[in-house]
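Everything below concerns the one structure shown next.
Every read-out reported here was derived from the displayed coordinates using simple, explicitly stated rules and does not represent laboratory data. Just so it is clear, the structure is predicted and the values come from calculations on it, not from any experiment. Heads up, the Cβs are rebuilt from the backbone with ideal geometry, glycines too, and the neighbour counts pull from every protein chain shown.
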Amino acid sequence: MIVGKAAERYGDVVRAGQVAATRASGDLSQLRMEIDRGLQTSRYLDYRQSGGWVMRARPVVEAIADAVRLSPTAELVALIERAISHVVKVILKADDSNGVIGNLARELLDLHVRACDAGNPDPIKLARWMVRFRFDDQDFFEVDPVRYADALGELGLMAYRRELSQRLEAGGDSFAATYAKERLAVLDGDTEALVGLLGGDLSQPYQFIRVAEVMAELGRDDDVLPWALRGITETSGWQVAQLYDLAVGVHTRWGEDYKVLRLRRQQHQRMPSSSTYSLLRSAAEACEAWPKEREAARAVLAEHDLGGLVDVLLSDGEPEAAWQVPGAHSDWDPGPQRWMRLAESREASAPNDALGVYLRLADLQLETTGKAAYLRAVAILKKAAQAAGAADRQGAFAAHVAALRETHRRRPAFIAVLNKARLR
């Protein structure tokens, strides 16, 4: 007799064999049975059980994918809609905090649209399913009428608009309705409606981003660029970086490298960081102008972002120049992570400098109790031991470790970690 987990594994093997047979036969009645058996559950699934359920459901989804590839039909479209409905119901009674069941649902939605493209579904039924699925069945997955436009055709789009209008009149989900209106405006190429729906009061970067992105979706670079540039001029905040990317994308597609360089220079001056420095460098190198841009770009960081300056100097292979930055700004602390990078870059040429940094960083770790802090401190002390050897300062290092043992003698866990590492 097979019991417990062994029985479950045996059942999985049997089901996998049945699903494989379904794929081979192309029998949709068998596939329907596998969908009903493999994509439902009558019990609540906790976090761990959700992952197990997805693993057992995977062969069914793969069988559906094979059917879409081999023989997409209107009947298969209806079966996939059934599968999606089952999985959505499972999500509603499961802990899907890691998103694995949701990902399975997205796979099925992708298979659905692919089957619709090739399977000639009834456009009226498809339109009704799209509206019903979004307004009645759930509120976390969207179905995009733009993506379904070919399958819907003129007749289906008319039905979709009609169904949507009825839901709006009945006071349906406002978010779903807004999304549908936006996507229909994209489908219609209605610039005025898109700006009104996506742009709002045009006071924030994300509003300009949304308008520019939809113009890009429509292939209208002549509209993307002015909207991105206007957003750059009229708004502020970290999201402006995305507007620069959108504008740069247009100039790149048009082969206008010097205009890209000009925008990246402006971006670096406006929101200086190691990231904008890197973007500026790439743009300047495309124009063979980096040697002319480099010092000015670093000067901007020196004035506004010393951490970014250290980062780029290290990335550019100039550890000596990076090491000089903290010394030239005694009131500025690079922070533990940058000090570590500085010490590591300095160790080969000036191990004594690196040793001093390592010892300070180890002491900093020991301001916190607990084994994790002790392990981090000892890992740094090992680096310090190596630097001390290179600097011929083993005695000073040994004295520091002895002082640590005395200072922290009431921390047996730390002493044990030191002993295990053989640091004395």
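Of the residues that make up region 271-288, is at least one touching a residue at least 40 places away in the same chain (Cβ under 8 Å) and surrounded by 15 or more Cβ atoms within 10 Å (Cβ to Cβ)?
Our first condition is that a residue be touching a residue at least 40 places away in the same chain (Cβ under 8 Å); within region 271-288, this holds for 274.
Of the ones still in play, those that are also surrounded by 15 or more Cβ atoms within 10 Å (Cβ to Cβ) are 274.
Yes, region 271-288 contains at least one residue that is touching a residue at least 40 places away in the same chain (Cβ under 8 Å) and surrounded by 15 or more Cβ atoms within 10 Å (Cβ to Cβ).
Listed by position, the helices (runs of 4 or more DSSP H) contained in region 112-193 that have at least 2 residues being closer than 18 Å to residue 218 by Cα, touching a residue at least 12 places away in the same chain (Cβ under 8 Å) and of a type in the set (Gly, Ala, Ser) are 174-188.
For region 277-308, name all the residues that are touching an Asp or Glu at 6+ places or on another chain (Cβ under 6 Å) and outside any loop (DSSP other than H, G, I, E, B). Outline the logic, then answer.
Applying the first criterion (touching an Asp or Glu at 6+ places or on another chain (Cβ under 6 Å)) to region 277-308 yields 284, 286-287.
284, 286 - these are the residues of region 277-308 that are touching an Asp or Glu at 6+ places or on another chain (Cβ under 6 Å) and outside any loop (DSSP other than H, G, I, E, B).
For residue 363, state whether it is over 39 Å from the mean Cα position of the chain (by Cα) and acidic (Asp, Glu). Here the answer is no, as residue 363 does not meet what is asked. Scanning region 315-339 for residues that are touching a residue at least 24 places away in the same chain (Cβ under 8 Å), of a type outside the set (Gly, Ala, Ser) and either closer than 19 Å to residue 376 by Cα or not in a helix (DSSP H, G or I) (or both) yields a total of 4. Considering (1) part of a helix (DSSP H, G or I); (2) out of contact with any helix residue (DSSP H, G or I) (no Cβ under 6 Å at 6 or more places or on another chain); (3) not small (Gly, Ala, Ser), the lone condition that residue 98 does not fulfil carries the number (1). Considering every residue within region 266-276, establish whether at least one is among the small types (Gly, Ala, Ser), farther than 26 Å from residue 334 by Cα and in a loop (DSSP other than H, G, I, E, B). The answer is no; no qualifying residue exists.
Regarding residue 296, is this residue in contact with a Lys or Arg (Cβ under 6 Å, 6 or more places away or on another chain) and without any contact (Cβ under 8 Å) to a residue 60 or more places away in the chain? It would help to see each step written out before you state the result.
Working: in contact with a Lys or Arg (Cβ under 6 Å, 6 or more places away or on another chain): no; without any contact (Cβ under 8 Å) to a residue 60 or more places away in the chain: yes.
Spelling it out, it is not the case that residue 296 is in contact with a Lys or Arg (Cβ under 6 Å, 6 or more places away or on another chain) and without any contact (Cβ under 8 Å) to a residue 60 or more places away in the chain.
Residue-by-condition table, conditions (1) surrounded by fewer than 19 Cβ atoms within 10 Å (Cβ to Cβ); (2) out of contact with any helix residue (DSSP H, G or I) (no Cβ under 9 Å at 6 or more places or on another chain):
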site: 160; (1), (2): no, no
site: 164; (1), (2): no, no
site: 175; (1), (2): yes, yes
site: 178; (1), (2): yes, no
site: 184; (1), (2): no, no
site: 189; (1), (2): yes, yes
site: 196; (1), (2): yes, no
site: 201; (1), (2): yes, no
site: 205; (1), (2): no, no
